[in-house]
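Participant: Attaching a single structure in structure tokens format; questions to follow.
The values are calculated or read from the model by the stated rules, or taken from the named source; none is laboratory data. All of these numbers come straight from a predicted model, not from anything done at the bench. Glycine also receives a Cβ, built like all others from the backbone with ideal geometry; neighbour counts cover every protein chain displayed.
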Amino acid sequence: MSVEVGQAAPEFTLSNQFGEKVSLADFRGEKNVVLMFYPFAFTGTCTGELCAIRDQYVDFVNDDTVVLSVSCDSPYTLKVFAEQESLTHALLSDFWPHGEASKAYGVFLDDKGFSTRGTFIIDKEGVVRWSVVNGPGEARESADYKAALAAL
């Protein structure tokens, strides 16, 4: 079961595409967080969703908001993916311990070994204010994130 709206967001520390540690706590009191879990880099739907964030960057990454995208790919894979697709926001690796952050948010698919598509909008106090969880093949709409952020 995924994390519910109104609950405290589970804490995590993961490596980004540059091998730097990123924690949810890094943004507490500073920025709202759009936390996006996705199955894998280099797949069609995932690439499309992340490129939509890239193309609408100023709507999501600003003084009040940051986007963190999480998959079970290794940091090395994420680095190449970010370079190939010109992605500039943080891509976080939930590779090891395998799927630990995804499991904490209830979006890890044990039978498949990867995360489904889950997005959680977390406010500056660390509380989940909006979420959507879709199946692996079901794309999400970035317009929904914008509306949820506007409501904060």
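Participant: Just to be sure I understand, how many residues within the range 47-95 are touching a Leu at 6+ places or on another chain (Cβ under 9 Å), assigned to a loop (DSSP other than H, G, I, E, B) and more than 20 Å from ARG140 (Cβ to Cβ)?
Facilitator: 2
Participant: Restricting to the range 23-56, what's the tally of residues that are closer than 16 Å to SER93 by Cβ, surrounded by fewer than 18 Cβ atoms within 10 Å (Cβ to Cβ) and of a type in the set (A, V, I, L, M, F, W, C)?
Facilitator: Residues that pass the stated criteria total 2.
Participant: Continuing with this model, one more query. State yes or no: is LEU91 buried (at least 21 other Cβ atoms within 10 Å of the Cβ), in contact (Cβ under 8 Å) with a residue 60 or more places away in the chain and either of a type in the set (A, V, I, L, M, F, W, C) or closer than 21 Å to GLU11 by Cβ (or both)? So that I can check it myself, show each step before the final result.
Facilitator: Details: buried (at least 21 other Cβ atoms within 10 Å of the Cβ): yes; in contact (Cβ under 8 Å) with a residue 60 or more places away in the chain: yes; either of a type in the set (A, V, I, L, M, F, W, C) or closer than 21 Å to GLU11 by Cβ (or both): yes.
Yes, satisfied.
Participant: Taking the range 112-152 only, how many residues are touching a Lys or Arg at 6+ places or on another chain (Cβ under 8 Å), closer than 28 Å to PHE42 by Cβ and not in a strand (DSSP E or B)?
Facilitator: 6
Participant: Looking only at the range 5-55, count how many residues are closer than 16 Å to GLY118 by Cα, out of contact with any strand residue (DSSP E or B) (no Cβ under 8 Å at 6 or more places or on another chain) and modelled with pLDDT of 95 or more.
Facilitator: Total satisfying the criteria: 1.
Participant: Could I ask something else about it? Exactly one of these conditions fails for ASP59: (1) under 21 Å from GLN84 (Cα atoms); (2) surrounded by fewer than 20 Cβ atoms within 10 Å (Cβ to Cβ). Give me its number.
Facilitator: For ASP59, the exception is condition (1).
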